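Undergrad: Below: one structure in structure tokens.
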Amino acid sequence: MRQYNASKKVLVTGGAGFLGSHLCDRLIEHGHDVLCVDNFFTGTKRNIEHLLGHPRFELMRHDVTFPLYVEVDEIFNLACPASPIHYQHDPVQTTKTSVHGAINMLGLAKRVRAKILQASTSEVYGDPEIHPQVEAYWGRVNPIGIRSCYDEGKRCAETLFFDYHRQHKLRIKVVRIFNTYGPRMHMNDGRVVSNFIVQALKGEDITIYGDGQQTRSFCYVDDLVEAMLRMMGTGDEVPGPINIGNPGEFSMLELANKVIELTGSKSQLMRMPLPADDPKQRRPDITLAQQELDGWAPKTQLEEGLKKTIAYFDKALSETTAD
Ligand code: NAD
Ligand code: UDP
Ligand code: UDP
């Protein structure tokens, strides 16, 4: 069994964000020195405040579109806004973050000979004709739409990773992350899990975009972080790309009803227009992850993960009201 436990200097870009902060927690638990780099566009010090002052944790405010000269053994490149309202706020900066950010982190990895992992996304498959999505599928992405800054930025980052791998023999790891949820998600990021939970807790209408029949597969954050760590621990013969996510597939109507049930809310469903280029279905084929990541499979069922996330938002909302 491969282990990911020898102490290393690890850089996490986007480390003050939702996924990045959980990854920093796990890396510190494993005994690593962690350098968390973030420009705080969507991340917050609150996500990592419990790590501030830890002797093996360091926080650096920095934008990855600019060069970064540090000495590390491994890099997890997560910096990039992930929710549509955030990445569409400044789409040019989103593309720059994925593309210039990847070039800078790859240049850094090349200079210090670090292993580097890219947080890619199921969005590289666009609105897919193949279901569930396998890694060999090349995707169906609109290159000029409102989601393109994110989708094409991430696709270009994957290209850069594989070219640095072929051209400069870099040790790369590319994971394609499917919709992930859990504590420390942003309350106002417009993503479906945070929207539905916050609406239900406040007793507001639950906003169903389109007919609510579109599907997504939701992975709990702890399962996702475990897969990322296992991926980093694989040998050089495993560059990816590898899908990581939970294959349980739900329509948005099913999700809304589940959230209403678990919160005991009296919220009603409200129909809203479907945003442009919204994928109709999404579910990862995780056969490859199971093969390459020592039998990894998500352990947290949707109901259990939602309960933990609801508890987090409930507390966060009561703190906001108290302020
Ligand atoms: P997030 O918005 O919470 O985290 C992203 C972090 O990157 C934030 O802390 C933000 O401040 C930082 N950042 C953004 N631009 C930066 C820049 N130019 N320089 C430095 N830092 C910058 O989002 P997340 O959900 O934690 O996503 C983390 C990564 O995982 C992203 O790359 C995202 O594309 C990928 N991903 C996430 C999901 C998901 O469902 N959460 C799905 C697929 C892929
Ligand atoms: N870079 C960086 N940190 C380093 C080394 C490089 O941020 O420690 C950046 C630098 O800005 C460079 C980019 O990574 O432009 C790509 O580096 P590479 O060596 O591939 O290309 P070059 O330096 O020839 O442009
Ligand atoms: N969605 C919805 N109501 C909301 C927010 C999102 O019905 O309040 C839908 C959205 O149209 C999409 C799905 O939920 O079909 C997932 O949206 P999200 O933005 O969370 O993720 P992504 O589309 O990037 O997978």
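Values quoted throughout were computed directly from the atomic coordinates according to the rules given, and no laboratory measurement underlies them. Just so it is clear, the structure is predicted and the values come from calculations on it, not from any experiment. Glycine also receives a Cβ, built like all others from the backbone with ideal geometry; neighbour counts cover every protein chain displayed.
Undergrad: Restricting region 62-83 to residues that are farther than 20 Å from L229 by Cβ and more than 11 Å from ligand 1 (Cβ to nearest atom), which is surrounded by the most Cβ atoms within 10 Å (Cβ to Cβ)?
TA: V70
Undergrad: Mind checking which pairs have a first residue in region 147-171 that is more than 20 Å from V72 (Cα to Cα) and a second that is charged (D, E, K, R) and assigned to a loop (DSSP other than H, G, I, E, B), Cβ under 6 Å, 6 or more apart or different chains?
TA: Pairs that qualify, where the first residue is more than 20 Å from V72 (Cα to Cα) and the partner is charged (D, E, K, R) and assigned to a loop (DSSP other than H, G, I, E, B), are R147/D277.
Undergrad: Could you list all residues from region 184-223 that are in contact with a strand residue (DSSP E or B) (Cβ under 8 Å, 6 or more places away or on another chain), closer than 24 Å to H50 by Cα and within 10 Å of ligand 3 (Cβ to nearest atom)?
TA: Scanning region 184-223 gives a single hit, S194.
Undergrad: Of all residues in region 100-123, which are away from ligand 3 (no atom under 16 Å from the Cβ) and among the β-branched types (V, I, T)?
TA: I103, V112, I116
Undergrad: A follow-up question, please. Output yes when any residue across region 257-276 is assigned to a strand (DSSP E or B), touching a helix residue (DSSP H, G or I) at 6+ places or on another chain (Cβ under 8 Å) and within 16 Å of ligand 1 (Cβ to nearest atom), and no when none is.
TA: For region 257-276, residues assigned to a strand (DSSP E or B), touching a helix residue (DSSP H, G or I) at 6+ places or on another chain (Cβ under 8 Å) and within 16 Å of ligand 1 (Cβ to nearest atom): absent.
Undergrad: Can you confirm whether region 102-119 contains a residue that is away from ligand 2 (no atom under 12 Å from the Cβ), among the polar types (S, T, N, Q) and closer than 11 Å to G14 by Cα?
TA: No, region 102-119 has no match at all.
Undergrad: Looking for something within 15 Å of ligand 1 (Cβ to nearest atom), in a helix (DSSP H, G or I) and buried (at least 16 other Cβ atoms within 10 Å of the Cβ) - is there at least one such residue anywhere in region 287-301?
TA: The answer is yes, given that some residue of region 287-301 is within 15 Å of ligand 1 (Cβ to nearest atom), in a helix (DSSP H, G or I) and buried (at least 16 other Cβ atoms within 10 Å of the Cβ).
Undergrad: Inside region 100-122, can you point out the residues that are in a helix (DSSP H, G or I), of a type in the set (D, E, K, R) and without any contact (Cβ under 8 Å) to a residue 60 or more places away in the chain?
TA: Passing the criteria: only R111.
Undergrad: So if I check each of G139, G31, G43, which one is of a type outside the set (V, I, T) and more than 27 Å from G190 (Cβ to Cβ)?
TA: Result of the check over G139, G31, G43: G31.
Undergrad: Let me ask something else about it. Given the condition more than 16 Å from ligand 3 (Cβ to nearest atom) and either surrounded by 13 or more Cβ atoms within 10 Å (Cβ to Cβ) or within 19 Å of the chain's Cα centre (by Cα) (or both), answer yes or no: does some residue in region 257-264 qualify?
TA: The answer is yes, given that some residue of region 257-264 is more than 16 Å from ligand 3 (Cβ to nearest atom) and either surrounded by 13 or more Cβ atoms within 10 Å (Cβ to Cβ) or within 19 Å of the chain's Cα centre (by Cα) (or both).
Undergrad: Moving on to the next point. Among the residues of region 84-99 satisfying the criterion of being among the hydroxyl-bearing types (S, T, Y) and within 16 Å of ligand 3 (Cβ to nearest atom), which is surrounded by the most Cβ atoms within 10 Å (Cβ to Cβ)?
TA: S98
Undergrad: Any residue in region 211-236 that is closer than 13 Å to G305 by Cβ sitting within a Cβ distance under 9 Å of a residue that is of a type in the set (S, T, Y) and surrounded by fewer than 22 Cβ atoms within 10 Å (Cβ to Cβ)? List the pairs, counting only those 6 or more apart or interchain.
TA: C219/T300; Y220/T300; V221/T300; D222/T300; D223/T300
Undergrad: Now, a different point. Just for region 100-128: of the residues that are under 18 Å from P84 (Cα atoms) and either acidic (D, E) or surrounded by fewer than 19 Cβ atoms within 10 Å (Cβ to Cβ) (or both), which one is nearest to ligand 1 (Cβ to nearest atom)?
TA: E123
Undergrad: Checking the conditions here, which among Y164, Y137 is within 16 Å of ligand 2 (Cβ to nearest atom) and either outside any loop (DSSP other than H, G, I, E, B) or in contact with a helix residue (DSSP H, G or I) (Cβ under 7 Å, 6 or more places away or on another chain) (or both)?
TA: Y164
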